[in-house]
Amino acid sequence: VVVHVGMLPAGPQPLALSVLVNKEATVRTTFRFDDEIDEAVTMLRDHPEFARVITHEFAAPDAVAAFEIAKDSSASGKVLVRMD
């Protein structure tokens with residue numbers, strides 16, 4: 001699985017599709033970070049106390065329950081759904 005994090009500049013972007021096809025890769029994208037991703041990763045590494053923000057963790061088959069908990073901000077902070 002290849003995950004692209006952040007934004008690309010406007011306009012066409014070169015991409016070696018044959019490499020992805022040959023490796024049968026799955027491409028995922030996320031929109032939240034651009035230049036600040038390195039700083040965010042460093043902060044998470046250097047400050048393990050940030051993990052306390054995560055109040056609940058669910059397996060993928062329990063995603064509906066995860067969303068039920070997540071919509072109640074008085075009962076949850078960050079709710080994770082594990083995709084393993």
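Things worth noting here:
- Test: residue in segment 26-40 that is surrounded by fewer than 12 Cβ atoms within 10 Å (Cβ to Cβ), among the aliphatic types (A, V, I, L, M), out of contact with any Asp or Glu (no Cβ under 6 Å at 6 or more places or on another chain) and modelled with pLDDT under 85: yes
- Residues that are open to solvent by less than 80 Å² (accessible area, probe 1.4 Å) and closer than 24 Å to residue 1 by Cα within segment 60-84 comprise 60, 62, 63, 66, 79, 80, 81, listed in sequence order.
- Whenever a residue of segment 60-80 is closer than 21 Å to residue 50 by Cα, its partners that are open to solvent by 100 Å² or more (accessible area, probe 1.4 Å), lying with C-beta atoms within less than 6 angstrom and at least six residues away or across chains, give the pairs 80/57.
- Flag for residue 52 being closer than 19 Å to residue 82 by Cβ and exposed (fewer than 10 other Cβ atoms within 10 Å of the Cβ): yes
The values are calculated or read from the model by the stated rules, or taken from the named source; none is laboratory data. For clarity, every value in this text was computed on a predicted model and none was experimentally measured. Glycine gets a Cβ as well: all are built from the backbone with ideal geometry, and neighbour counts include every protein chain shown. Side chains are part of the model used for accessible areas, which takes the heavy atoms of the whole protein and leaves out ligands, DNA and RNA. Shrake-Rupley method; radii C 1.70, N 1.55, O 1.52, S 1.80 Å.
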